[in-house]
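These notes concern the structure reproduced below.
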Amino acid sequence: MDFIINCFSLIGSLGLFLFGMKTMSEGLEKFAGARLRNILAAMTKNRVMGVLTGILITALIQSSSATTVMVVSFVNAGLMTLAQSIGVIMGANIGTTVTAWIISAVGFKVNIAAFAIPLLACGLPLIFSGKSNRKSMGEFIFGFSFLFMGLSYLQQAATDMNMGYYVATMLAHIPCDSFFTIVLFVIVGAIVTMIVQASAATMAITLMLFDMHIPGFGFEQAAALAMGQNIGTTITAFMASLTANTQARRAALAHMFFNVFGVVVVLIFFYPACNAVSWFVTDVLGSNANDLFKLSAFHTAFNILNTLLLIGFVHQIEQFVCKVLPMKDNQEEEYRLKFISAGMLSTAELSILEAKKEINSFADRCQRMFGIVADLLHIEKDEEFNKQFSRVEKYESITDSMEVEIANYLHKVSEGRLSDDSKGRIQRMMRQIDELESIGDSCYNLGRTINRQRKHSKEGFTPEQKERMHTMMVLVNSALEEMVRMVEHPEFADVNYIKSRNIETEINNYRSHLKSLNIQDINEGKYSYQLGVYYTDFISECEKLGDYVINVVQAAAECAHHS
């Protein structure tokens, strides 16, 4: 019975450790979400700065998984290039070793849990604060406290259940001096980290076992476990990238390649590497260094060496992952959100940014759809026309789905803790996607009008009608171009808004002029009344589409003025 209770205590302690790490990481991300984004944008201009940025951010949020998932999100949202992301990921691997150093220094020698409870008292007023920043800082303090409480309880539970004895019994059947055993420990470290989804937690367990001085579990075996954790931690970013775009999946693959390559290289020189680290800690750091520092030093040296080996080959790694994951053809006509996905919600700031990128893509898709409709007017063969009209129908279905998916995503984001400015921004974005979906409907209606005319009218549009329809479509396409430019570059809101207003006025005036000409042409017998109906339906729908465009532009202008 005691054994079962101790097992549950061990699992519960690990759960508290993981919950503390998650809470601490999320609290700091919320507190510094915009700052982290600005740091990444400003400091990843070259590979060295990218590595330093990865080290800094990971050391702050104490989670390489959080950093790599964030990086994959930025690549997915088009905020960072693949080459830039590789540098940051290299740095994240080094930054995550800070956790091991902290645990080595205080984790098992000082009763940190005794300080954790008073620390919770400091975080309590902050956690109930109405201000978002204070609340986030309170979450960080709570997470920090839970992390070390979990670590303390983990050690106590392992001692109570005599884990050292069970591990020693298992290791008694394995030849500890065998290189095969080292490889086995690498695999075990990778598997455990994949399951736990936190290399820091696996590292804490490794340090705890190493500190027990278990027969058969020495420095080499612990070092092998630590190397395995570097492979296992890549699974988090890889899973996050499964529903992302190709560039994001490439970033996750680069992360996996980088870590696996490092493990393979170090395994070749494993024993000399262990001896070098032991010499450094014992002879250079001196007698004040405890045994845990050996493992932390190996963990750090391993990641630094890996980075130094590969930092000069960032472009080659980029080419490699691009060959393994090539870009598919005709992706623009396959329905799948490019920048947002249900499994990658991070901070509210990042989520809104990803949604904005998706709206940019939505606007661009609407303009492409209008281009397909414009081509319908000049197609003579029925087979080619039907094929092109099917594309219009497919695009209309895509715009409907995009509206629903983006709206659901924004609704999910709005359920979180947001500032008044962010709430207003989400409302304006919701208005944009509603109007963009209406543009998709209008494009489809234009295509249907041309299709009905071909099927039900014995006469085709006259050359004069086609010329006027073409002129109207040029005006509408100009409006769509300004709309796309406005959505993508809101910093030029004032100039673009004036241009868009002028184009809309031209469309309205031209629509009125063509309606007057239509009545005159019918009276003069230039074409039938029925053909005139199709013609005016087309012209009126173009004018209606222009109204939807100006609504999108207005919402984009409001977003720009409030950001």
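The values are calculated or read from the model by the stated rules, or taken from the named source; none is laboratory data. Predicted, not measured: the structure shown is a model, and the values here were computed from it. Every residue, glycine among them, receives a Cβ derived from its backbone with ideal geometry; neighbour counts consider all protein chains shown. In case anyone asks, the SASA skips ligands and DNA or RNA and just uses the protein heavy atoms, side chains included. Shrake-Rupley method; radii C 1.70, N 1.55, O 1.52, S 1.80 Å.
Using a Förster distance of 56 angstrom, determine the FRET efficiency expected from the C-beta separation of residue 128 and residue 309, and round it to 0.05.
0.70
If DNA, RNA and ligands are ignored and the probe is 1.4 Å, what is the ranking of 548, 535, 153 by accessible area, most exposed first? List each step's numbers first, then the result.
Numbers: 548 60, 535 0, 153 110 Å².
I get 153, 548, 535, largest accessible area first.
Assuming 0.36 nm per residue, please report the length gained on full extension of the stretch residue 456 to residue 390 beyond their Cα-Cα distance. Before the final figure, lay out each step's value.
Working: separation 66, 0.36 × 66 = 23.76 nm, distance 1.84 nm.
Residue separation times 0.36 nm, minus the Cα-Cα distance, leaves 21.9 nm.
May I ask for the Kirkwood hydrodynamic radius of segment 409-563, worked out over all distinct Cα pairs and given in angstroms to one decimal?
17.2
Could you work out the relative contact order of segment 346-493, using alpha carbon pairs under 8 angstrom and six or more residues apart, expressed as a whole percent?
Taking the mean separation of contacting Cα pairs over the length of segment 346-493, I get 40 percent.
When ranked by the protection proxy of mean other Cβ atoms within 10 Å per residue, highest first, what sequence do the peptides 439-445, 455-461, 85-91, 212-218 form?
Values: 439-445: 22.9, 455-461: 11.7, 85-91: 29.0, 212-218: 16.6.
Top of the packing list down: 85-91, 439-445, 212-218, 455-461.
How would 511, 250 rank on accessible area, largest to smallest, probe 1.4 Å? The partial results should precede the final answer.
Working: 511 55, 250 20 Å².
Descending accessible area places them as 511, 250.
At a 1.4 Å probe, what is the % contribution of carbon and sulfur to the accessible area of segment 474-563?
After summing per-atom areas, the C and S share lands at 51 percent.
Within the accessible area of segment 349-415, what % is carbon and sulfur when the probe is 1.4 Å and the other protein chains stay in place?
Solvent-exposed carbon and sulfur of segment 349-415 make up 44 percent of the total.
If the chain between residue 121 and residue 156 were fully stretched, how many nm would it gain, using 0.36 nm times the residue separation less the Cα-Cα distance?
Length difference between fully extended and current span is 10.2 nm.
At a Förster radius of 45 Å, what calculated FRET efficiency corresponds to the Cβ-Cβ distance of residue 320 and residue 178, to the nearest 0.05?
0.85
Say the cut-off is 25 Å between C-alpha atoms; which of 387/499; 357/412; 394/544; 458/544; 357/394; 357/423 go over it?
Distance filter (> 25 Å) returns 387/499; 458/544.
At 20 °C and 1.002 mPa s, grab the translational diffusion coefficient of segment 380-467 from Stokes-Einstein with a Kirkwood Rh over Cα pairs, rounded to a whole number in µm² per second.
It comes out at roughly 136 µm²/s.
Hey, if we sort 180, 140 by accessible area with the 1.4 Å probe, largest down, what's the order?
My answer, sorted largest first, is 180, 140.
Find the relative contact order for segment 484-547 and round it to a whole percent, using C-alpha pairs within less than 8 Å whose residues are 6+ positions apart.
32
What do you get for trypsin sites (Lys or Arg not before Pro) in segment 115-154 restricted to DSSP loop and a cutoff of at most 12 other Cβ within 10 Å of the site's Cβ?
For trypsin sites (Lys or Arg not before Pro) across segment 115-154 that sit outside H, G, I, E and B with at most 12 neighbouring Cβ atoms in 10 Å, the list reads 131.
Sorted by average packing, counted as other Cβ atoms within 10 angstrom per residue and highest first, what order do 407-415, 427-435 take?
By packing density, highest mean first, the sequence is 427-435, 407-415.
Based on the mean of other Cβ atoms within 10 Å per residue, sort peptides 475-486, 382-393 so the most packed one is first. Walk me through the numbers on the way to the answer.
On the way: 475-486: 22.4, 382-393: 14.2.
Ranking, from highest mean packing down: 475-486, 382-393.
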